[in-house]
Amino acid sequence: MVKNDPFVNATKQVNDACDILGIKDKELREYLAMPNKVLRVKIPVKMDNGKIRIFTGFRSQHNNDRGPYKGGIRYFNPEGGVEYMEREVMALSSWMTWKCAIVDIPLGGGKGGIYVNPKTEKISDGELERLTRGFAYKISEIIGPGKDIPAPDVYTTGREMTQIMDTFSKLNGNVYSPGVITGKPISMGGSLARNVATGLGAAYTVREAAKVLKLSLKGAKVVLQGFGNASTFAGEYLEKMGAKVIGVSDSKGSISIPKGAKVSAILAHKEKKGSVVGFPGSTKISTEALLTTKCDILVPGALENQIDAKIAKNLKCKIIAEAANGPTLPEADPIIYQKKILVIPDILANSGGVCISYLEWVQNNMGYYWTFDEVANKMEKNITKGFKDAYEMSKKHKVDMRKAAMALAVSRVVEAFNQKGIWP
Ligand code: NAD
């Protein structure tokens, strides 16, 4: 048993969705909750000092009823140890299944990783490469362009994706196989627009939410928690839609900018000074004050577990777009729903990333590459439809958007499962 088991939470969400959909069959519920396969591997690596170190890696393949498994590979060492990590990748693979289903891309859910922290441990580039290639070798039998397509995640980048692709190609008789993995550098078959995908996708979902609330984005006030990839691009694209950023934060603190400021100007300040704090015309405020600023759109785009019941009671926004994964605690959801704040849940708001990963895979498989706008426009169609479908579900079943998005996803997977039937 692991403490605070994330897979218990993932299972509960599946059961809640089944309740909404009237799915009573226990076996079907278990089928939907449990991963199809969890592979745990031992990876021996020759370290620079000549000694062997054994690492542990995982790949969880949750569901492939709608298409090959898809999901990141993280290099991380959660506090609960390797046993916790196994449960974590199982939960994360489940969320990938639902995320792909909401935006209706023909992929299932996977997740994996190695229990290692390249940021805090002394591990050389050579050791890391041998580890990555060793891991790719160990999971090579279960991944492939038509089987399971990994991607970057916590502390893995295009460099590791390239090494995995290269190892896989070599193991398969040197067949060029860019479609085995996404998140590759452009020169290795990566897709244009992948770098902005998550923020751009979040901005599209906000635009749709504003439409249903009849809220004009012209002059709409935006608060961004976090100032990294997901949040800054969300801010920049919302700016392009007419909105104005009036508060931001990073790991060094939060600031209020009552008159508003351009994201590019705040970025330039952060680049020079190392933080958003001290931006001209701003006042330093607490995290709680940032999250409860009176605004139209709040984008929690940094960390998990940020909005608890106390903060939820004091929220003064109209839309929350969860660019980060898991920023809202379950205790806060009913309070936010009662306050009629429209939450765009993480599995929808930040799905622009997986949409463009999917488009990278499509381009790799056909060997033909689209322009930035072509990729962005295709993603826009999927994510906008995902929003509309989830919103309809929330109205139909009178539930919040988080529950509605999950119910929508589960219904789509059940439909595919029923079409296929069971073999043998
Ligand atoms: P990032 O590393 O680019 O940015 C994270 C930001 O959070 C940084 O600006 C950092 O300063 C800030 N931060 C750290 N601690 C903070 C604190 N205590 N208070 C306020 N800000 C703090 O990461 P990212 O890729 O933008 O990811 C952010 C979130 O979005 C994560 O939850 C991630 O899982 C999720 N997400 C990202 C993508 C993607 O494609 N980038 C896709 C899906 C989900």
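Since every read-out is calculated from the coordinates, none of them should be taken as a lab result. This is a predicted model, so every value here is computed, not measured. Here the Cβ is made from the backbone with ideal geometry for all residues, glycine too, and neighbour counts use every protein chain on show.
A compact table of results
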item: Only listed residue being more than 16 Å from the ligand (Cβ to nearest atom), of a type in the set (A, V, I, L, M, F, W, C) and not in a helix (DSSP H, G or I), chosen from Val399, Val414; result: Val399
item: Those residues of the stretch 255-282 which are in contact with a Lys or Arg (Cβ under 7 Å, 6 or more places away or on another chain) and of a type outside the set (A, V, I, L, M, F, W, C), in sequence order; result: Gly260, Ser275, Gly281
item: Elements of type strands (runs of 3 or more DSSP E) in the stretch 9-124, at least 2 residues being surrounded by 17 or more Cβ atoms within 10 Å (Cβ to Cβ) and among the small types (Gly, Ala, Ser); result: 52-63, 69-76, 108-115
item: Every residue from the stretch 376-408 that is small (Gly, Ala, Ser) and touching a Phe, Trp or Tyr at 6+ places or on another chain (Cβ under 8 Å); result: Ala404, Ala405
item: Number of the condition not met by Thr287 [criteria: (1) free of Cβ contacts under 8 Å to residues at least 60 places away in the same chain; (2) surrounded by fewer than 20 Cβ atoms within 10 Å (Cβ to Cβ); (3) within 25 Å of Lys340 (Cβ to Cβ); (4) within 13 Å of the ligand (Cβ to nearest atom)]; result: (1)
item: Selected residue [within 11 Å of the ligand (Cβ to nearest atom) and surrounded by 21 or more Cβ atoms within 10 Å (Cβ to Cβ)] from Ala202, Ala210, Ala243; result: Ala202
item: Subset of the stretch 142-176 [among the polar types (S, T, N, Q) and either more than 26 Å from Ala376 (Cβ to Cβ) or within 18 Å of the chain's Cα centre (by Cα) (or both)]; result: Thr156, Thr157, Gln163, Thr167, Ser169, Asn172, Asn174
item: The lone exception for Leu192 - which of (1) farther than 14 Å from Gly110 by Cβ; (2) out of contact with any Leu (no Cβ under 9 Å at 6 or more places or on another chain); (3) without any contact (Cβ under 8 Å) to a residue 40 or more places away in the chain it fails; result: (3)
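Residue-wise test of (1) on the phi < 0 side of the Ramachandran plot; (2) not aliphatic (A, V, I, L, M).
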site: Ala321; (1), (2): yes, no
site: Gly326; (1), (2): no, yes
site: Ile347; (1), (2): yes, no
site: Tyr368; (1), (2): yes, yes
site: Val375; (1), (2): yes, no
site: Ala407; (1), (2): yes, no
site: Val414; (1), (2): yes, no
site: Trp423; (1), (2): yes, yes
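Listed here are the residues, each with its yes/no results for (1) under 17 Å from Gly201 (Cα atoms); (2) outside any loop (DSSP other than H, G, I, E, B); (3) within 14 Å of the ligand (Cβ to nearest atom).
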{"site": "Gly219", "(1), (2), (3)": "no, no, no"}
{"site": "Leu224", "(1), (2), (3)": "yes, yes, yes"}
{"site": "Thr232", "(1), (2), (3)": "yes, yes, yes"}
{"site": "Gly235", "(1), (2), (3)": "yes, yes, yes"}
{"site": "Gly247", "(1), (2), (3)": "no, yes, yes"}
{"site": "Ser254", "(1), (2), (3)": "no, yes, yes"}
{"site": "Ile257", "(1), (2), (3)": "no, yes, no"}
{"site": "Ile266", "(1), (2), (3)": "no, yes, yes"}
{"site": "Lys270", "(1), (2), (3)": "no, yes, yes"}
